[in-house]
Amino acid sequence: MLLDTPICDFGYQAPEFTLKTATGKPYTLSEQLGDKGLLIAFICNHCPYVQRIAARLASDTKLLMDEGINVLAIMSNDYHYLDADSPQNMQRFGEQHRFAFPYLVDEDQSVGKRYGAVCTPDFFGFNAKGELQYRGRLDNARMGNADNRVPELLNAMRQIAKTGQGPRQQTPSMGCSIKWRD
C-alpha cells in the first residue's frame, strides 16, 4: 500500500535509541548527532520504492557523509513476517548497494513507532541539536520519472548543516507501509 508521510514537525526532538547492525555493532543516536546534523532513513530491503532509489541513496549519502553529515538507516519492518527484511538480508542488501552508513535493525519496532515512521523510505533530517528540520523524500521524482529530479534530501541536509534550519517547502516521502507486528 502506497503511503505519504506527514508534514515536517519542525523542532521535534529526536528520541534517543541504541540499535545494532545485522552483525551486532551498536549505534546510539546521541553519539551520531554531529556538528552538521544527522539523517535517519527508515528503509527496508523488499520495498520497490527503496529498491528503486538504493543506488542514489548510496551515492547521495556518501556525499553527505564526506561533508561531515552523519547518516543512519533503520529497518523497522517485522522481518519474522517478511524474511526478505531479515538482518542477514539487510547485510546483503547494504553490501549490494554499497551503503557506507550503518543499517540498523529495529527488532522490537519501538524506534520506528517513537519517530512516527510511516513508510519506506521515510527520511528524517535533524540539526546538530537533534531537532527535526526535514521530513521528505529523496527527490521530487515519481517512481518512473527520474530524469528531471531535484535532489531534495541532499539539498535539505546541506542547508541544515550550514544553517541549522531545513527548507520550509518539503515534498512528503511516499512508499510502502511499515509492516508492524500485530
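With the condition kept exactly as written, say whether any residue in region 14-22 is basic (Lys, Arg) and closer than 24 Å to Thr171 by Cα. No, because not a single residue in region 14-22 is basic (Lys, Arg) and closer than 24 Å to Thr171 by Cα. Across region 145-168, the number of residues qualifying as modelled with pLDDT under 90 and either farther than 22 Å from Gln51 by Cα or among the aliphatic types (A, V, I, L, M) (or both) comes to 2. Comparison of Ser76, Ser86, Ser59 shows that the only residue that is within 15 Å of the chain's Cα centre (by Cα), farther than 22 Å from Ala14 by Cα and at pLDDT 95 or above is Ser59. Within region 36-55, being within 13 Å of the chain's Cα centre (by Cα) and assigned to a helix (DSSP H, G or I) holds for Tyr49, Val50, Ile53, Ala54. Evaluated against (1) in a helix (DSSP H, G or I); (2) free of Cβ contacts under 8 Å to residues at least 12 places away in the same chain, Asp108 falls short on exactly one condition, (1). Scanning region 33-66 for residues that are surrounded by fewer than 17 Cβ atoms within 10 Å (Cβ to Cβ) and over 14 Å from Arg98 (Cα atoms) yields Gly34, Asp35, Pro48, Asp66.
Beta carbons closer than 6 Å, at least 6 apart along the sequence or on distinct chains, pair a first residue in region 120-142 that is touching a residue at least 12 places away in the same chain (Cβ under 8 Å) and outside any loop (DSSP other than H, G, I, E, B) with a second that is crowded, with 20+ Cβ neighbours inside 10 Å and of a type in the set (Asp, Glu) for Gly136/Glu152.
The values are calculated or read from the model by the stated rules, or taken from the named source; none is laboratory data. Values in this document were obtained by computation on a predicted structure and should not be read as measured data. Here Cβ is always computed from backbone atoms with ideal geometry, including for glycine, and neighbour counts include all displayed protein chains.
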